[in-house]
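Asker: Let me begin by handing over the structure; questions about it come next.
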Amino acid sequence: MTGPGILLTGAGGFIGSAVLAALRDRPGTGPVRALARSAAPPGTVRVAADLADPATLRGVADGSDVLVHLAAAVSGDEESCAAVNVHGTRALLAEAARAGVGRIVHLSTTAVYGPGPHRGIGVDGVTPAPVSAASRTRLTGERAALDAGAVVLRAPLVLGAGDRWVVPCLAELTRRVPARWDGGAALLSLVAVEDLARLVTALAVGPDPAPGGIHHAGHPEPVRSGALLDTLADHGVLPPTPGPDWPWERCAAELRRVPGVFSERQFALLARDHWYRSAEIWRLAGTDPGPGPLHRLAAAAPWYREHLARTGAPATEQTSG
């Protein structure tokens, strides 16, 4: 018997490609239809549509049992982000409802909480206060997903092969602020992309559907910022962190003094506490969260080394605005 048919958005992206691989690896998964403006990834059936053009979404969910909505505008102005994250998402969810789709998994971001520091908060443990157009519109898109009964995952910083934001950002920041930031003590919510993909897959096609609602999707154990930098240095991805411990105020002042691509807000995401309690969704999905993102870095290190050597400069794509 063929398993449930899946409509997947964002299949060609960093997280989407990992989810697609996890779906292929899970026995009993049905055909995957990928919503795409151009070519779809191998192993999927292309559904020609554009989230920024809701008229093209008519009928896209027909024949699907599950919607996995990962695509989002992660940069741009308010209008361009809203076109995808609000209007496109609403139109897509309306099509899913019309087609009788039974399960929806919707990816969002912990960036909707806005500036930290945040230490061990539960869902809505602080009132969301997004500071970018991408995060504001993704928060609005969450409401439409919740109204449709979706499981909404607020993902934190995601690591792994294909990450063009977190580690490239660290590469620049360690050059601009050559010290151990606040003693390397900040607690960060992280998740390896392959573990996040397993979680999404379990929620999409597992035997017992999880109840709709918002959940943090990090690994349950937070990581110290110093341990992250040390592990990247151990794998030859970044140089060893210089010895002196600088308090946050001195770090921020040095960042402002030395020009670069990334902002103080983005620096704070990596140098100050941003830890979100995440154990519940792994339990509901019946999925082991794995050994943790630092353990996974060994496999991702060759990709990171090649990417940083090839680009010679940090990427500007922002996935945690």
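Asker: For the stretch 288-300, just list the computed ³J(HN,Hα) in residue order, Karplus coefficients 6.51, -1.76 and 1.60, θ = phi - 60°, integers in Hz, with x standing in for Gly and Pro.
Answerer: 3J(HN,Hα) across the stretch 288-300, in whole Hz: 6, x, x, x, x, x, 5, 4, 6, 5, 4, 6, 7.
Asker: Something else now. Quick one: compute a quarter of the convex hull surface over the Cα atoms of the stretch 232-321 and quote it in nm².
Answerer: With every direction weighted equally, the projected area is 7.9 nm².
Asker: Another question, then. Non-local amide H neighbours of ILE104 (under 5 Å, H modeled in plane, Pro and chain starts lacking H): which ones?
Answerer: LEU67, VAL151
Asker: Write down the radius of gyration of the stretch 110-195 and its Dmax, each obtained from C-alpha positions, in Å.
Answerer: Using the Cα atoms of the stretch 110-195, the pair Rg, Dmax is 15.1, 47 Å.
Asker: Under 37 °C and 0.692 mPa s, how fast does the stretch 69-112 diffuse according to Stokes-Einstein, given a Kirkwood radius computed over C-alpha pairs? Answer in µm²/s, whole number.
Answerer: Diffusion coefficient, whole number: 287 µm²/s.
Asker: A further question follows. Amide H neighbours of ARG119 under 5 Å, counting only residues 5+ apart in sequence or on other chains, H built in-plane at 1.01 Å?
Answerer: Residues meeting the criterion, in which the H sits 1.01 Å from N, are TRP275.
Asker: So what is the relative contact order for the chain, in percent, with contacts set as C-alpha pairs under 8 Å and at least six apart?
Answerer: Answer for the chain is 20 percent.
Asker: Wrap a convex hull around the Cα atoms of the stretch 186-231, take a quarter of its surface area, and give that in square nanometres.
Answerer: Result: 3.9 nm².
Asker: Now, a different point. What does the charge count near LEU308 come to, summing +1 for each Lys or Arg and -1 for each Asp or Glu among other residues with Cβ under 14 Å from its Cβ?
Answerer: Working: positive: ARG164, ARG175, ARG305, ARG310; negative: ASP163, GLU172, GLU306.
For residues surrounding LEU308, the net value is +1.
Asker: Local charge sum around PRO4 (other residues, Cβ-Cβ under 12 Å, Lys/Arg +1, Asp/Glu -1)? List each step's numbers first, then the result.
Answerer: On the way: positive: ARG26, ARG33, ARG103; negative: ASP65.
With Lys, Arg at +1 and Asp, Glu at -1, the neighbours total +2.
Asker: Say we join alpha carbon atoms closer than 10 Å with springs in a Gaussian network model of the chain; which of VAL131, VAL19, VAL47 then has the biggest fluctuation?
Answerer: Answer for the Gaussian network model of the chain: VAL131.
Asker: Taking Cα atoms, how many degrees apart are the long axis of helix 89-99 and the longest axis of the chain, rounded to 10 and kept between 0 and 90?
Answerer: Taking Cα atoms only, the helix is inclined about 30 degrees.
Asker: Give a residue-ordered list of calculated ³J(HN,Hα) values for the stretch 108-125 (Karplus: 6.51 cos²θ - 1.76 cosθ + 1.60, θ = phi - 60°; whole Hz; x for Gly, Pro).
Answerer: Each residue of the stretch 108-125 in turn: 10, 8, 5, 5, 5, 6, x, x, x, x, 10, 10, x, 8, x, 4, 6, x Hz.
Asker: Compare LEU153, LEU190, LEU170 in a GNM of the chain, Cα atoms joined below 10 Å, and give the one with the largest fluctuation.
Answerer: Taking springs between Cα atoms under 10 Å, the residue moving most is LEU170.
Asker: Here is a further query. Using the Kirkwood formula over every pair of different C-alpha atoms, what hydrodynamic radius in Å results for the stretch 179-280?
Answerer: 15.7
Asker: Using modelled backbone amide H atoms (1.01 Å from N, in-plane), which distant-in-sequence or interchain residues come within less than 5 Å of VAL74's amide H?
Answerer: HN-HN under 5 Å from VAL74: empty list.
Asker: Report Rg (one decimal) and Dmax (nearest whole number) for the stretch 1-87, counting Cα atoms only, units Å.
Answerer: 13.2, 46
Asker: How many nm is it between the label spots at ALA279 and ALA129, if each spot is 7 Å from the Cα in line with the beta carbon?
Answerer: Rounded to a tenth, the inter-label distance reads 2.8 nm.
Asker: For GLU306 and ARG265, what is the calculated FRET efficiency with R₀ set at 41 Å and r taken between the beta-carbons, to the nearest 0.05?
Answerer: Here the calculated transfer efficiency is 0.90.
Asker: A follow-up question, please. Run the simple label-point estimate for ALA55 and GLU78 please: 7 Å along Cα→C-beta, distance reported in nm.
Answerer: 2.6
Asker: Which loop trypsin sites (Lys or Arg not before Pro) in the stretch 20-59, with loop taken from DSSP, have no more than 16 other Cβ atoms within 10 angstrom of their Cβ?
Answerer: ARG37, ARG58
Asker: Give me the three principal axis extents of the stretch 208-248 from the C-alpha atoms, as integers in angstrom, largest value leading.
Answerer: Extents along the principal axes, in whole Å: 48, 26, 12.
Asker: From the phi angles alone, apply the Karplus equation (6.51, -1.76, 1.60; θ = phi - 60°) to the stretch 189-197 and give each ³J(HN,Hα) in whole Hz, x where the residue is Gly or Pro.
Answerer: Using θ = phi - 60°, the values come out as 7, 10, 8, 6, 4, 5, 6, 4, 5 Hz.
Asker: Ignoring ligands, DNA and RNA, what percent of the 1.4 Å accessible area of the chain is carbon and sulfur?
Answerer: Here it works out to 53 percent.
Asker: Over the Cα atoms of the chain, compute the convex hull volume and normalise it per residue, giving Å³. Please list the in-between numbers first.
Answerer: On the way: hull volume 39.2 nm³, N = 321.
Taking the convex hull of the Cα positions in the chain, it is 122 Å³ per residue.
The values are calculated or read from the model by the stated rules, or taken from the named source; none is laboratory data. What you are looking at is a predicted structure, and each value in this text was computed from that prediction instead of being measured. With ideal geometry, Cβ positions are generated from the backbone for all residues, glycine too; neighbour counts draw on all protein chains shown. Heavy atoms of the whole protein, side chains included, go into the accessibility calculation; ligands, DNA and RNA do not. Shrake-Rupley method; radii C 1.70, N 1.55, O 1.52, S 1.80 Å.
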